[in-house]
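Heads up: the structure comes next, in structure tokens.
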Amino acid sequence: MPSISTSSEQALRPKRLVSLDALRGFDLFWIAGADSIGHAALQVASGPVAHALADQLEHVAWEGFRFYDLIFPLFVFMSGLSLVLSLGGTIPSEKRTASLLKIGRRALLLYLLGLFYYRGGIGWENDLRYMGVLQRIALSYFGAGVLFVLLKPRHLLYTLVGILLGYWALIALVPVPGVGPANYNQGTNLAHWVDAKFLGGKKWNGTHDPEGLLSTLPAIGSAILGVFAGLLMVDPSKTPTKRVQLLLIIGISLLLTGYLWGFSFPIIKGIWTSSYVCVAGGWSLLLLALFYWLIDIRGWSGWAQPFIWIGMNSIAIYMACNILELGRLAKRITGGEVGKTLDSLFRSGTSDLATALVAIGFCFALARLLHQRKIFLRI
């Protein structure tokens with residue numbers, strides 16, 4: 001069962017990166033309703049610039065990369081980073097079994113939470129979604145964790161390269177049974193064929209799933225990038241400034257690699273292409289460098305406090321957004337005559353903006369309450 005810590009000593013471990021909590025909270029902030037705030041605000045503002053910004057809060061239809069396409073892989077990246085911090089860096093051989101059991105237990109609990117999150121109805125046999133956001137994070141965490149425990153960093157790097165190149169070879173070169181030559185098109189590529197053939201239960205897109213079976217392989221690569229970031233953050237030979245420099249250098253290198261690779265292996269979140277792993281990993285490293293420099297080095301953490309509240313209870317807040325349906329609760333306050341009045345007094349869409357602001361306010365209030373009471377849901 002998930003454990004609930006009521007001790008500040010347990011909640012704030014010596015090696016805890018406050019910047020990581022803030023970055024995790026910033027990431028979840030967009031899932032919890034910040035995207036709705038952005039859309040509503042931009043609807044009120046209107047204009048070409050507003051539309052361009054609104055586009056960044058939507059996933060691309062298929063190929064390409066926008067800001068909102070970073071939210072999910074950033075979580076996967078941070079799961080790998082947290083893995084290193086929670087296990088205390090390099091694992092001695094005599095502690096491998098205990099570490100593997102710990103990783104397996106966490107991954108299983110997270111996967112089961114994912115099944116609960118996406119069940120959607122009473123009939124398990126009809127509504128059970130075997131692969132989803134939490135399930136992908138669980139499987140990526142597990143895959144990266146096992147490799148981290150068993151392999152030396154040099155061999156882990158070789159494995160990462162092998163995963164990315166191997167996945168490219170599968171998608172780009174292997175013919176799709178019943179379809180024809182290998183392709184990157186939605187619904188006819190090899191990853192989607194595998195889902196249609198072997199993935200049971202409810203699929204997000206009917207016959208295939210954006211968090212499908214085959215595309216979980218490169219997602220493990222995203223978590224491994226987080227593992228390397230974690231190893232850098234706990235390396236005692238690196239000064240904080242040196243860490244930031246290396247995060248920036250590696251992040252920019254990954255961005256260049258990903259965008260260049262994208263000309264031949266398109267950047268596609270829906271099948272988590274290897275170029276997508278590189279681009280998302282690059283941006284994740286740059287964001288980590290920014291948050292680490294601002295919060296842990298410069299000590300400017302006041303602005304990030306709401307994000308820290310959420311980040312320290314990310315699983316609880318993520319589940320609460322689904323179970324409590326904060327958006328619908330907010331609508332009870334800002335809808336009806338109140339909403340009509342707001343739209344008539346200001347501009348059309350003001351009521352939607354008010355609803356989004358109230359919903360995210362509920363999210364912050366819940367996170368703050370849990371933080372004040374020293375209640376932290378841990379898996």
Quiz item: How many residues does segment 60-86 contain that are crowded, with 22+ Cβ neighbours inside 10 Å, among the β-branched types (V, I, T) and more than 12 Å from S284 (Cα to Cα)?
Solution: 1
Quiz item: Can you name every residue in segment 239-250 that is surrounded by fewer than 22 Cβ atoms within 10 Å (Cβ to Cβ) and either under 19 Å from L173 (Cα atoms) or in contact (Cβ under 8 Å) with a residue 12 or more places away in the chain (or both)?
Solution: P240, T241, R243, V244, L246, L248, I250
Exercise. Return yes or no: is L128 over 19 Å from S314 (Cβ atoms), over 22 Å from the mean Cα position of the chain (by Cα) and either surrounded by fewer than 19 Cβ atoms within 10 Å (Cβ to Cβ) or of a type in the set (K, R) (or both)?
Key: no
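May I ask you to say which residue of L70, L101, L74 is free of Cβ contacts under 8 Å to residues at least 12 places away in the same chain and not polar (S, T, N, Q)? First the steps, then the outcome.
Working: L70 fails: free of Cβ contacts under 8 Å to residues at least 12 places away in the same chain; L74 fails: free of Cβ contacts under 8 Å to residues at least 12 places away in the same chain.
Within the list L70, L101, L74, the selection yields L101.
Results for (1) surrounded by fewer than 24 Cβ atoms within 10 Å (Cβ to Cβ); (2) within 19 Å of the chain's Cα centre (by Cα); (3) among the hydroxyl-bearing types (S, T, Y), shown as yes or no for each residue.
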position	(1), (2), (3)
G270	no, yes, no
A280	no, yes, no
L285	no, yes, no
A289	yes, yes, no
Y292	yes, yes, yes
R298	yes, no, no
G302	yes, no, no
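Please find, among L199, L190, L247, L225, the residue that is under 25 Å from the mean Cα position of the chain (by Cα), at pLDDT 95 or above and over 30 Å from V18 (Cβ atoms). Full working, then the answer.
Values: L199 fails: at pLDDT 95 or above; L247 fails: over 30 Å from V18 (Cβ atoms); L225 fails: over 30 Å from V18 (Cβ atoms).
Within the list L199, L190, L247, L225, the selection yields L190.
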Practice problem: Just need a number here: residues in segment 163-205 that are closer than 20 Å to S140 by Cβ, without any contact (Cβ under 8 Å) to a residue 24 or more places away in the chain and of a type in the set (V, I, T). | Solution: 1
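Among the residues of segment 52-67, which ones are in contact with a helix residue (DSSP H, G or I) (Cβ under 7 Å, 6 or more places away or on another chain) and in contact (Cβ under 8 Å) with a residue 40 or more places away in the chain? So that I can check it myself, show each step before the final result.
First pass over segment 52-67, keeping only residues in contact with a helix residue (DSSP H, G or I) (Cβ under 7 Å, 6 or more places away or on another chain): 53-54, 56-60, 62, 65-66.
Hits for segment 52-67 are H59, V60, W62, F65.
Take residues that are over 20 Å from the mean Cα position of the chain (by Cα) and tell me which of the helices (runs of 4 or more DSSP H) falling wholly in segment 28-111 contain 3 or more. Explain how you work it out, then say what you get.
On the way: elements: 35-45, 48-55, 71-87.
Qualifying helices (runs of 4 or more DSSP H): 35-45, 48-55.
Just checking, does segment 140-151 include any residue being assigned to a helix (DSSP H, G or I) and among the β-branched types (V, I, T)? Walk me through how you get there before you give the answer.
Of the residues in segment 140-151, the ones assigned to a helix (DSSP H, G or I) are 140-150.
Going one step further and asking which of them are among the β-branched types (V, I, T), we end up with 146, 149.
The answer is yes, given that some residue of segment 140-151 is assigned to a helix (DSSP H, G or I) and among the β-branched types (V, I, T).
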Quiz item: Would segment 127-137 turn up any residue that is modelled with pLDDT of 95 or more, under 26 Å from W261 (Cβ atoms) and in contact with a helix residue (DSSP H, G or I) (Cβ under 7 Å, 6 or more places away or on another chain)?
Solution: yes
Quiz item: Which condition breaks for G162 when tested against (1) modelled with pLDDT under 95; (2) under 26 Å from S79 (Cα atoms); (3) surrounded by fewer than 19 Cβ atoms within 10 Å (Cβ to Cβ)?
Solution: (1)
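The values are calculated or read from the model by the stated rules, or taken from the named source; none is laboratory data. All figures in this text were calculated on a predicted structure; none of them were measured in a lab. Cβ sites come from the backbone with ideal geometry, for glycine too, and all protein chains shown count toward neighbours.
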